[in-house]
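Written below as structure tokens is the structure these notes are about.
Throughout, read-outs are computed from the coordinates displayed, never taken from laboratory work. In this text the structure is predicted, and so the values were computed from the model without any measurement. When we count neighbours, we look across all protein chains shown, and the Cβ atoms used for this are built from the backbone with ideal geometry, even at glycine.
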Amino acid sequence: MVSSPHHVVAVASGKGGVGKSTVTANLAAALRQQGLSVGLLDADIYGPSQQLMLGVSDNVTPDQQDGEFLLPVEAHGLKTMSMGYLSSAKTPMVWRGPMASSAMAQLLEKTLWGDLDVLLVDMPPGTGTSS
């Protein structure tokens, strides 16, 4: 549940492996250095990488509120959420179409971001079915 960030920026590309996750992480860090409150949503459900890029341990999972909502994982002053926090790195995610879109919608709607100046969204590659 996004409580009206002032700005939402989606970082996307037509294919994977071109550096959009790196750009997103660096943009988040730069905005944070400028004193902004920054959220980072790793929307690449096929290959979430922000957890690794931010140095968050594999065994970290988001806390819950009221058994329904997720609280973002804080890393380097950023509020982050990723499907990578909710699944094992050893388990491949083979989601398609409505199931993938539904998972991402729930992740966005059920996360209590709090007050954000900017929400950055690291999008899946344009070749995915949930783009």
**Complete:** Simple spin-label estimate for Ala105/Asp117, 7 Å along Cα→Cβ, in nm, reads 3.3
**Request:** Sticking with the crude label model, points 7 Å out along Cα→Cβ, report the distance from His7 to Asn26 in nm, one decimal please.
**Result:** 1.7
**Message:** Run the paramagnetic zone check for Leu86: 7 angstrom along Cα to Cβ, then residues of the range 1-39 with backbone nitrogen under 17 Å.
**Reply:** 1-3
**Asked** Tally Lys and Arg at +1 and Asp and Glu at -1 over the other residues with C-beta under 12 Å from the C-beta of Ser21: what net charge comes out?
**Response** -2
**Message:** Could you order the peptides 53-59, 74-80 from most to least packed, using the average number of other C-beta atoms within 10 Å per residue?
**Reply:** 74-80, 53-59
**Message:** Going by amide H atoms built from the backbone, whose H comes under 5 Å of the H on Ser13, apart from near neighbours?
**Reply:** Gly126
